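A short worksheet on the structure shown next.
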Amino acid sequence: MRVAALVVFLASSAVAAREEKMSWAALPSAAQETIRRVAGASRIVEVEKQVAGGVTTYEAEYNVAGVEHSVRVGAGGELIEVEREMDPARLPIEIRDAVRKALPLGSVREAEEIHAGGGEAVSCYELEVEERGRRKELKVRPSGEIVEDCARTKP
């Protein structure tokens, strides 16, 4: 049993994303240009390099009017997504219903809107839900469909 658990752990670790903090100056110039275009005059708080499945992306965190945002871009500067923190009380009813159905005793502690490609429409919500003292992450489409990965399913 322990061997099987170890094999599963190692297999899942191999595909897990690696993240590392980095300096603004170390970012590829195309990534810097896109991040600056999206973040505008906002101060960049943190920059991370993320590698998953052999693909490298960069994520920069910044604040707009006290609200946390982040932008994820490819090495060539392609805009992948923009995330915006939001008040869980302002979640649409479809999202709240999906949470209640999946985790009946759950309470949303944190919520983010995901805008794929930087578009205006919300493509997904990432939620941190606490149920019975345990925190779980849920990803939910605007329709209320719970998905495994916001980026890999169609809006």
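The values are calculated or read from the model by the stated rules, or taken from the named source; none is laboratory data. In this text, all values refer to a predicted model and were calculated from it rather than measured experimentally. Every residue, glycine among them, receives a Cβ derived from its backbone with ideal geometry; neighbour counts consider all protein chains shown.
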**Asked** How many residues, within the range 51-80, are assigned to a loop (DSSP other than H, G, I, E, B), out of contact with any helix residue (DSSP H, G or I) (no Cβ under 7 Å at 6 or more places or on another chain) and touching a residue at least 24 places away in the same chain (Cβ under 8 Å)?
**Response** 1
**Complete:** Pairs returned, first residue in the range 120-138 that is farther than 15 Å from Asp149 by Cβ and touching a residue at least 12 places away in the same chain (Cβ under 8 Å), second residue that is in a strand (DSSP E or B) and acidic (Asp, Glu), beta-carbon separation under 7 angstrom, 6 or more apart or interchain, are Val122/Glu113; Glu128/Glu110; Glu128/Glu137; Arg135/Glu128
**Message:** Looking at the range 92-117, I want the residues that are within 14 Å of Arg135 (Cβ to Cβ) and have a partner that is buried (at least 18 other Cβ atoms within 10 Å of the Cβ) and aromatic (Phe, Trp, Tyr) with Cβ atoms under 7 Å, at least 6 apart or on another chain. Which pairs are those?
**Reply:** Ala111/Tyr125
**Prompt:** Quick check, is Ser143 surrounded by fewer than 19 Cβ atoms within 10 Å (Cβ to Cβ), out of contact with any strand residue (DSSP E or B) (no Cβ under 6 Å at 6 or more places or on another chain), farther than 21 Å from Gly40 by Cβ and in contact (Cβ under 8 Å) with a residue 12 or more places away in the chain?
**Reply:** yes
**Complete:** Within the range 27-50, residues being exposed (fewer than 15 other Cβ atoms within 10 Å of the Cβ), more than 16 Å from Leu79 (Cβ to Cβ) and either in contact (Cβ under 8 Å) with a residue 24 or more places away in the chain or in contact with a Ser or Thr (Cβ under 8 Å, 6 or more places away or on another chain) (or both) number 1
**Item:** Positions within the range 100-122 being surrounded by 11 or more Cβ atoms within 10 Å (Cβ to Cβ), under 18 Å from Glu78 (Cα atoms) and not β-branched (Val, Ile, Thr), in sequence order
**Value:** His115, Ala116, Gly117, Gly118, Gly119
**Prompt:** Counting just the residues of the range 68-79 that are among the aliphatic types (A, V, I, L, M) and modelled with pLDDT of 95 or more, which one comes out surrounded by the most Cβ atoms within 10 Å (Cβ to Cβ)?
**Reply:** Val73
**Prompt:** Of everything in the range 51-62 that's within 15 Å of Gly77 (Cα to Cα) and of a type in the set (Ser, Thr, Tyr), which residue is surrounded by the fewest Cβ atoms within 10 Å (Cβ to Cβ)?
**Reply:** Thr56
